[in-house]
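Colleague: Quick one: the structure is below, questions incoming.
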Amino acid sequence: MGKKGKREKKGKGAEKTAAKMEKKMSRRGKKEEEDLEALIAEFQSLDAKKTQIIELSCPPPSPRLNGSLSAHPEKDELILFGGEYFNGQKTYLYNDLYVYNTRKNSWSKVEIPNPPPRRCAHQAAVVPTAGGQLWIFGGEFASPSGEQFYHYKDLWVLHLATKTWEQIKASGGPSGRSGHRMVACKRQLIIFGGFHESARDYIYYNDVYAFNLDSFTWSKLAPSGIGPAPRSGCQMATNPEGSIIIYGGYSKQRIKKDVDKGTLHTDMFLLKVEGAGKEEDKWAWSRLSPSGVKPTPRSGFSVAIGPNNRSLLFGGVHDEEEEESIEGDFFNDIYFYDLGKNRWFPGQLKGPKSEKRKRRRGRQAGAEGAGDEEMEKQPPQGPVEIVKEVVAEDGTVMTIKQVISGPAEEKERSESEGEEEDGALGQQVEPCPRSNAMLAVKHGVLYVYGGMFEVGDRQFTLSDLYSIDLHKMEEWKVLVEMDPKAQEWLEDSESDEEEDDKEGAEGGEEEEESSEEETEDEGEEEQHPSVQLDESHADYLSRTEQYWIKLARSNMGSDAKEKKVVKVAHAMAKTFYEDSV
């Protein structure tokens, strides 16, 4: 009895301690959010100065990951919004809008007044209403050090026909989050999961919300049955009947002080409307047990809806987590999930037609017309390792090793699937392995843009663009090559951290090549002190500092601390300076 009572008392004490810590963290988290909210507000005040819609041709966007790439519902265009870039010392967030013309293989940058604040890890969904609408929900903003996060809970729509942004203010929506998933489903936007992180704490979600595209109202769904555990970065897709599938994802939990354990989820669920047609839809979760060959466990994969009622998954990373470090194996494979047959199968390249004809020489005419194509020659056994070397501008040689399963294994897999996929035919052009890339499908063609991979402690952020025809699955095409010169990597140091603390808000600025900075807003030049010819940033700041401090003070209020006002003022000046030169 004595031991039991002692245990109970100890348990209650632990609960009290946990409650105190939670309250303390909540206060700290609120303070962090207030800091970042002030910074976001300043960037929005600069965006608000833009009053004209400006669309100009431009080079491909700068390297980034965790943005959104969406297919225009009526035009041969892909729309890229937001994203992030990390150079080893600072994190940069974007809210720029690029349009890629799939027929002309050309990019244009579109500046539209009053855009959503800079963000990454948001979600975008396109609906065909009124010439097309691009809906954006949530995502995150990070401090320059990448140690403070602000999670958005705002909802925006880009009216594609009129090129206007509109923020939709409706109560009852999801809490702030990133890494969630959102799909358009029968005049609704359905949102699932995601996470919220502060410098010292985090939480993962498995809640489901619906936004009605007719009434512009939010509702929190309460599906019956046992659903997925909390997670972020999962696959979410709809079928023609209006049901939703959830696959995989990532979550982590704290197992002891300062030690977190990550979980790669590989389970699969169906979210289905029961009793449709009633006044209020009743949703229900059920677990799926798909057949076929499932993807190997991974996080950071990208998803899209392909032709023939198939959802697809591309790339990702499998991290081996140790106490002190994380080593990741990156992927560049495609897996298809047939929504009608509840079956997974790997995407296999068939090779160009000319190559196929050579391999088929000597086959019977009847076999030529068969749905399944097999390689005639006996291929060598075992996996093949491909090594690529990329030289960055600073001279760093990045060696990318990629293991492709042997043709014999591919053939065995293909036969077991009973599909038309062929085994991989040797070494072909393909995207390098990566995670957090941006995907879109237009006219049955998959487009893969950007993303990242790691070599040791260095992060390599990409800006290349590849495509593959999903109907033919013959070969990848390179539309924009990876540019090693676009890579910058700065070794972290204590002095750099101190500099970040001094300069505060720098992480929100956009780091883009000067060729992308082709437009200047005349309204901004009239509003703010202009940059003189050949004037350095330091000279400009020295000359105009009091103006920016006054502007920052007017936006932040009289209660704001002087130190913070100066930080924000310097950030605004730097952003304006870099946008002007």
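The values are calculated or read from the model by the stated rules, or taken from the named source; none is laboratory data. Everything numeric in this text was worked out from a predicted model, so none of it was measured. Using ideal geometry, Cβ is built from the backbone for each residue, glycine included, and neighbour counts are taken over all protein chains shown. Just the protein is used for accessible areas: all its heavy atoms, side chains included, with ligands, DNA and RNA removed. Shrake-Rupley method; radii C 1.70, N 1.55, O 1.52, S 1.80 Å.
Colleague: Could you give me the residue pairs with C-beta distances under 6 Å whose first residue belongs to segment 199-211 and is open to solvent by less than 40 Å² (accessible area, probe 1.4 Å), whose second residue is modelled with pLDDT of 95 or more and among the aliphatic types (A, V, I, L, M) wherever it lies, and which are 6+ apart or on separate chains?
Modeller: Close Cβ pairs (under 6 Å, with a partner that is modelled with pLDDT of 95 or more and among the aliphatic types (A, V, I, L, M)) amount to 208/221; 209/191; 210/190; 210/221; 211/189.
Colleague: A further question follows. Can you confirm whether residue 133 is modelled with pLDDT under 95, of a type outside the set (Ser, Thr, Tyr), surrounded by fewer than 20 Cβ atoms within 10 Å (Cβ to Cβ) and closer than 18 Å to residue 157 by Cα?
Modeller: Values: modelled with pLDDT under 95: no; of a type outside the set (Ser, Thr, Tyr): yes; surrounded by fewer than 20 Cβ atoms within 10 Å (Cβ to Cβ): yes; closer than 18 Å to residue 157 by Cα: yes.
In short, no.
Colleague: Just need a number here: residues in segment 219-237 that are in a strand (DSSP E or B) and either within 24 Å of residue 202 (Cβ to Cβ) or under 19 Å from the mean Cα position of the chain (by Cα) (or both).
Modeller: Residues that pass the stated criteria total 6.
Colleague: How about segment 295-304: which of its residues are under 23 Å from residue 180 (Cβ atoms) and part of a loop (DSSP other than H, G, I, E, B)?
Modeller: Initial filter on segment 295-304 (under 23 Å from residue 180 (Cβ atoms)): 295, 297-304.
Scanning segment 295-304 gives 295, 297, 298, 300, 301.
Colleague: Against the conditions (1) assigned to a strand (DSSP E or B); (2) crowded, with 20+ Cβ neighbours inside 10 Å, where does residue 167 fall short? Just the number, please.
Modeller: Residue 167 satisfies all of (1) assigned to a strand (DSSP E or B); (2) crowded, with 20+ Cβ neighbours inside 10 Å except (2).
Colleague: Taking interchain pairs and intrachain pairs at least six residues apart, which have beta carbon atoms under 6 angstrom, with the first residue in segment 290-310 and over 22 Å from residue 341 (Cα atoms) and open to solvent by less than 30 Å² (accessible area, probe 1.4 Å) and the second outside any strand (DSSP E or B) and modelled with pLDDT of 95 or more?
Modeller: 299/233; 300/436
Colleague: Scan segment 158-175 and give yes if some residue there is touching a strand residue (DSSP E or B) at 6+ places or on another chain (Cβ under 9 Å), of a type in the set (Val, Ile, Thr), more than 24 Å from residue 54 (Cβ to Cβ) and at pLDDT 95 or above, otherwise no.
Modeller: yes
Colleague: Limited to segment 143-178, what total is found for residues that are at positive phi and in contact (Cβ under 8 Å) with a residue 60 or more places away in the chain?
Modeller: Of the residues in segment 143-178, 2 are at positive phi and in contact (Cβ under 8 Å) with a residue 60 or more places away in the chain.
Colleague: Could you list, in sequence order, the residues of segment 522-561 that are in contact with a helix residue (DSSP H, G or I) (Cβ under 8 Å, 6 or more places away or on another chain), modelled with pLDDT under 70 and of a type in the set (D, E, K, R)?
Modeller: 524, 525
Colleague: On to the next question. Quick check on my filter: what residues within segment 142-164 are within 15 Å of residue 82 (Cα to Cα) and touching a His at 6+ places or on another chain (Cβ under 8 Å)?
Modeller: If the condition is that a residue be within 15 Å of residue 82 (Cα to Cα) and touching a His at 6+ places or on another chain (Cβ under 8 Å), then 151, 152 are the ones that fit.
Colleague: Sort out which residues of segment 198-213 are assigned to a loop (DSSP other than H, G, I, E, B) and at pLDDT 95 or above, and write them in order of number.
Modeller: Narrowing segment 198-213 to residues assigned to a loop (DSSP other than H, G, I, E, B): 198-201, 213.
Within segment 198-213, just 213 meets the criteria.
Colleague: Right, here's the next one. Confirm whether residue 410 is outside any loop (DSSP other than H, G, I, E, B), modelled with pLDDT under 90 and not small (Gly, Ala, Ser).
Modeller: Values: outside any loop (DSSP other than H, G, I, E, B): yes; modelled with pLDDT under 90: yes; not small (Gly, Ala, Ser): yes.
When the stated conditions are applied, residue 410 passes them.
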